[in-house]
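The values are calculated or read from the model by the stated rules, or taken from the named source; none is laboratory data. Here the structure is a predicted model, which is why all the values come from computation and not from measurement. Here the Cβ is made from the backbone with ideal geometry for all residues, glycine too, and neighbour counts use every protein chain on show.
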C-alpha cells in the first residue's frame, strides 16, 4: 500500500484509486438503505396522493420507482465479489461509478416526475409533494454526495429539471417563485456538500497515510525486535562455547598462583587475575541478560519454601558484605517463618541476589536489610531490600532499570559493577509477573520492594521453618588444601583446554585426579583399586549421554561417590534437571576458592557418612 497523494481541484475531485475505493465501499454499504428507502417512500407518496393524482400517472410513476429501487439490490449482488477483493481495483471502481450514476439518473427521473402528481388548487396535496421533493433531494445529498459528489450533482440537476418542468402548469404565475426556491435549495445543498465531500476525501487520505505509516513502523519494529531476539538467542546459544575458554583461563591463573611462590610471581599476575575476574563478571551478566531478553528461558513454576530461598541469596552476598564492612541483616515476620509459594525459585533468587548486591555496591557505610512481611492491602507479601546508601533522585529512578546505567559510576569503574543487575531484575520480575517498585531519598538510602501476590502463596506458618540469619555471620573457612591430599576425583570434560586447566589446579591441591573426555569411557578410567570419591562432570558431552546420565551410570557402579555437575549451560531447564536428579551444580566459569570449598565440604561429608 502506498500513501495517497493529496488532490486539489477547482470543483470536481480527481480520481484517486485508494480514496475512491474507500468511497466505493462506503457507497456499497448504503445500497440496501437506498433501495429500501426509495421503495417505501414511493409507496407512502402513492398512498397519500392517490385521491388527487391521476390514477394512471400514479401507477406508472410508482411502478417505475419500485423497479429502479429493485435495481439497487441487483447492484449489490453484482458488486459483491468486488467488495471482497483486498485492494483497490481501478476497473472495478470505475465500473461501479458508471453503474451507480446510471441508476441514480434513472431514479432521479422518477423523483423529478413527482411533480406530475400535483393537482391545481389542491394546496395540501401539493405541499405534501413539495415536501417529498425536498426530502428526496436532501436524502440523496446525505446518502450519495459523501461517496459520489459528481453523481449527486447529476442526480440533483435531473430531479430539479423534471420537477420544475411541471410547476407552471400547476401554479401558473406563482410557479416562478417556486422554481427559484427549488433552484436555490439545490444550489445551496450542492455547495455545502461539496465541502463535506472534500473533507471526507481528505480524512480518507489521512487514514490511509496513517495506515501506511503504521504498517511501515510495525515492519521496522518487527525487524528491530527480530534482530534483538537473534542477537540474544545467539549469545544464549553460544554461552557454552564462550564460557569454556574463560573457565580455563581462570583455572590456569589460579593454578599458576598456587604452584609458583608469591615472591617469584610476575608483578603483572595480579592485574591478569583482576582482568580475568572482570571478564567473568561481565560475561555472566551479559549471558544472563541475553537469555532473559531472548525469551529462551521460561519460568519453571514449583512450590518451595520462600525463607530457604531468601536465606540462600542472603548467604551468597555475605562475603561481599563482610569485605565492605557493612551490616547485613534480615527480618521475617513471625507468622511467615514457614511460607510456601508457587513461582520460579531460581529466578526469584536472582532477583533478590541482584537487589542485595546492588544495595551493597552503593552503600559506603551502614548496612543492608532483607525483610519479608505481609502486605497491608490486597493480601500478598512484601519482599524488601533496604540500604543506607547514596539514594536515587526522582529523575534517575525512571532509568535505573535500563542496561548499563550506573548513576554513581560515570567513569565506568568495573569494581562498581556493570550496570546490568537491575536490568536483569526487571526482565526476571516481568517473567514472573512480580511488581518491583522503589522508594528512595537522595543521600539517605533506597528501598526496593517486590510484591508477591496472594495467588502465589500456598501456605504460611509460624513454625517448623528455617529462619533467615539475623545479622552478618563470619564466612566459613575454606578447608586447608593439604587436607584434600590424595582424595580421588574423577574429571569428565571433553574440552582439552578446560581438562588441562582443571587437572593442573586439582593436582596443585594434591588431589588424585583422573580424567575422561567421553561419558561412555569413564568406567575405563576406574579400576578395582581406584574408586572415585567425587566426580566432576561436564553437562554437555560427546556421545549419547549428557552429564546427568553419566553421573547416574557411575553411581550405579559406585553408589558412595558424590556427583557434581559442571556446566556452561545457562538454560534453566539444565539447572532444574540437576536439582531434580539430586546433583550439586556449579556454573562455569567456576571460582577456584568456591571449587575448593565445595570439594572440601563434600568430601568431609562423605567421611562422616562413612564413619556413621
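For the stretch 46-61, give me each residue that is under 17 Å from residue 133 (Cβ atoms) and part of a loop (DSSP other than H, G, I, E, B).
Selection gives 52, 53.
Of the residues 100, 29, 52, which is surrounded by 19 or more Cβ atoms within 10 Å (Cβ to Cβ) and at pLDDT below 85? Step through it out loud before you land on a result.
Working: 29 fails: surrounded by 19 or more Cβ atoms within 10 Å (Cβ to Cβ); 52 fails: surrounded by 19 or more Cβ atoms within 10 Å (Cβ to Cβ).
None of the other options fit; the residue is 100.
If a residue must be surrounded by 16 or more Cβ atoms within 10 Å (Cβ to Cβ) and under 32 Å from the mean Cα position of the chain (by Cα), how many such residues does the stretch 560-578 contain?
Residues meeting the conditions: 11.
Applying the selection to the stretch 391-425, what residues are modelled with pLDDT of 75 or more and either in contact with a strand residue (DSSP E or B) (Cβ under 7 Å, 6 or more places away or on another chain) or more than 24 Å from residue 367 (Cα to Cα) (or both)?
391, 392, 395, 397, 398, 399, 402, 425
Taking the condition surrounded by 14 or more Cβ atoms within 10 Å (Cβ to Cβ), over 20 Å from the mean Cα position of the chain (by Cα) and either at pLDDT 80 or above or outside any helix (DSSP H, G or I) (or both), does residue 273 pass?
no
Determine which single condition residue 577 fails, assuming it passes every other condition in (1) closer than 22 Å to residue 506 by Cβ; (2) in contact with a helix residue (DSSP H, G or I) (Cβ under 8 Å, 6 or more places away or on another chain).
So the condition that residue 577 fails would be (1).
Hey, any hits in the stretch 159-174 for a residue that's within 48 Å of the chain's Cα centre (by Cα), part of a helix (DSSP H, G or I), surrounded by 13 or more Cβ atoms within 10 Å (Cβ to Cβ) and in the same structural domain as residue 97 (by TED's automatic domain parsing)?
Taking every residue of the stretch 159-174 in turn, none turns out to be within 48 Å of the chain's Cα centre (by Cα), part of a helix (DSSP H, G or I), surrounded by 13 or more Cβ atoms within 10 Å (Cβ to Cβ) and in the same structural domain as residue 97 (by TED's automatic domain parsing).
Quick one: which residue in 318, 328, 306, 310 is over 26 Å from residue 431 (Cα atoms), crowded, with 19+ Cβ neighbours inside 10 Å and touching a residue at least 24 places away in the same chain (Cβ under 8 Å)?
Going through 318, 328, 306, 310 in turn, just one is over 26 Å from residue 431 (Cα atoms), crowded, with 19+ Cβ neighbours inside 10 Å and touching a residue at least 24 places away in the same chain (Cβ under 8 Å): 328.
Among the listed residues 541, 555, identify the single one that is more than 28 Å from residue 257 (Cα to Cα) and surrounded by 18 or more Cβ atoms within 10 Å (Cβ to Cβ).
Sole residue among the options that is more than 28 Å from residue 257 (Cα to Cα) and surrounded by 18 or more Cβ atoms within 10 Å (Cβ to Cβ): 541.
Is the stretch 179-194 home to any residue that is crowded, with 17+ Cβ neighbours inside 10 Å and touching a residue at least 60 places away in the same chain (Cβ under 8 Å)?
Checked against the condition, which is being crowded, with 17+ Cβ neighbours inside 10 Å and touching a residue at least 60 places away in the same chain (Cβ under 8 Å), the stretch 179-194 yields at least one hit.
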